[in-house]
Amino acid sequence: MAKPEYYYGIHSVESLLELEPERVLTLFALKGRDDARLKRIFELADPFGVSIQKASRDSLEKLAGQPFHQGVVAAVRPHPTLNERDLEDLLKANSNVMLLALDQITDPHNLGACIRTAAAMGVDAVVVPRDRAVGLTPTARKVAAGGAEKVKFIQVTNLARTLSNIKDEFNVRVIGTMLDEQALPIQDCDLTGPIAIIMGAEDTGLRPITQSQCDQKVYIPMNGNLQSLNVSVATGMALYEACRQRNVK
């Protein structure tokens, strides 16, 4: 049997119990903590016979890998890693897909924040390269506050090749966010229909090989002398505009 993964934080564990309770093996809760949020988690776990163990703060910190566990850690059966084949299945089933692709995002806090926003804005899947990018770590799951259980997370071997394939085979338009002479203000770009919005790391932006796959480049207009935003903030703004356009009656 594969080693369990450890989820921590109230939102992350609560969402997991609501959506995939069969994956939860054991709950570890802080000794002496007895509040409404933790009771809610116990109530969700009870019908599924999930074992609940009281643990010290130090023990929870070791399981979570850091001290910010909010008093609860869940040992969980690992979720299968989604890949290119799963992305193809999604595209075959959804002709009006909205994807978020992240090009070499290495900070789990930024990844988690992007996933949280993606889930809130109706994104069907977050697509990332398998190498030189952070995966869905416990920290990313906690920051996502339940979003990681609501939006598909797909890791691909070659992001540029994947973008090329979904353009050719599924007519997905690729929209890259960057400052460029050909870039449009994001509100002037049509973000309806099947699309993939690509966000790059805030220090390096989109790699040239990723830029080459963009059907249109866009930027977020800003006042003052700021040239860039944190990637999770920029992602939220870009996805909100896409969601706004797609929901216009």
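Determine whether region 217-229 contains at least one residue that is within 24 Å of Asp86 (Cα to Cα), aliphatic (A, V, I, L, M) and within 21 Å of the chain's Cα centre (by Cα).
Within region 217-229, the subset within 24 Å of Asp86 (Cα to Cα) is none.
Looking for residues that are within 24 Å of Asp86 (Cα to Cα), aliphatic (A, V, I, L, M) and within 21 Å of the chain's Cα centre (by Cα), one finds none in region 217-229, hence no.
Determine which member of the set Arg141, Arg173, Arg132 is surrounded by 23 or more Cβ atoms within 10 Å (Cβ to Cβ) and either basic (Lys, Arg) or out of contact with any helix residue (DSSP H, G or I) (no Cβ under 9 Å at 6 or more places or on another chain) (or both). Break it down into steps so the answer makes sense when it comes.
Values: Arg173 fails: surrounded by 23 or more Cβ atoms within 10 Å (Cβ to Cβ); Arg132 fails: surrounded by 23 or more Cβ atoms within 10 Å (Cβ to Cβ).
Of Arg141, Arg173, Arg132, the one residue that is surrounded by 23 or more Cβ atoms within 10 Å (Cβ to Cβ) and either basic (Lys, Arg) or out of contact with any helix residue (DSSP H, G or I) (no Cβ under 9 Å at 6 or more places or on another chain) (or both) is Arg141.
Pick from Leu91, Leu30, Leu25, Leu100: which is in contact (Cβ under 8 Å) with a residue 40 or more places away in the chain and open to solvent by 40 Å² or more (accessible area, probe 1.4 Å)? Explain how you work it out, then say what you get.
Details: Leu91 fails: open to solvent by 40 Å² or more (accessible area, probe 1.4 Å); Leu30 fails: open to solvent by 40 Å² or more (accessible area, probe 1.4 Å); Leu100 fails: open to solvent by 40 Å² or more (accessible area, probe 1.4 Å).
After ruling out the rest, the residue left standing is Leu25.
When region 58-80 is examined, which residues are found to be in contact with a Leu (Cβ under 9 Å, 6 or more places away or on another chain) and either assigned by the TED database to the domain that holds Ala148 or outside any helix (DSSP H, G or I) (or both)?
Pro67, His69, Gln70, Gly71, Val72, Val73, Ala74, Ala75, Val76, Arg77, His79
If Gly146 passes every condition in (1) modelled with pLDDT of 95 or more; (2) more than 20 Å from Asp103 (Cα to Cα); (3) open to solvent by less than 10 Å² (accessible area, probe 1.4 Å) but one, which one does it miss?
Looking at each condition in turn, Gly146 falls short on (1).
For region 74-88, name all the residues that are open to solvent by 50 Å² or more (accessible area, probe 1.4 Å) and either without any contact (Cβ under 8 Å) to a residue 24 or more places away in the chain or more than 18 Å from the chain's Cα centre (by Cα) (or both).
Arg77, Pro80, Arg85, Glu88
Test Lys54 against the criterion of being outside the structural domain of Ala160 (by the TED database) and surrounded by fewer than 19 Cβ atoms within 10 Å (Cβ to Cβ), and give yes or no. First the steps, then the outcome.
Details: outside the structural domain of Ala160 (by the TED database): yes; surrounded by fewer than 19 Cβ atoms within 10 Å (Cβ to Cβ): yes.
So Lys54 fits the description; yes.
Restricting region 1-39 to residues that are polar (S, T, N, Q) and in contact with a helix residue (DSSP H, G or I) (Cβ under 6 Å, 6 or more places away or on another chain), which is nearest to Phe68 (Cα to Cα)?
Initially, region 1-39 is screened for residues polar (S, T, N, Q), giving 12, 15, 26.
Now narrow it down to the ones that are in contact with a helix residue (DSSP H, G or I) (Cβ under 6 Å, 6 or more places away or on another chain): 12, 15.
Values: Ser12: 13, Ser15: 18 Å.
Result: Ser12.
Picking from His109, His69, which residue would you name as being open to solvent by less than 40 Å² (accessible area, probe 1.4 Å) and over 27 Å from Arg173 (Cα atoms)? It would help to see each step written out before you state the result.
Values: His109 fails: open to solvent by less than 40 Å² (accessible area, probe 1.4 Å).
None of the other options fit; the residue is His69.
The values are calculated or read from the model by the stated rules, or taken from the named source; none is laboratory data. Because the structure is a prediction, the values reported are computed rather than measured. All Cβ positions, glycine included, derive from the backbone under ideal geometry; neighbour counts span all protein chains shown. When the accessible area is computed, the model is the full protein with side chains, heavy atoms only, and any ligands, DNA or RNA have been set aside. Shrake-Rupley method; radii C 1.70, N 1.55, O 1.52, S 1.80 Å.
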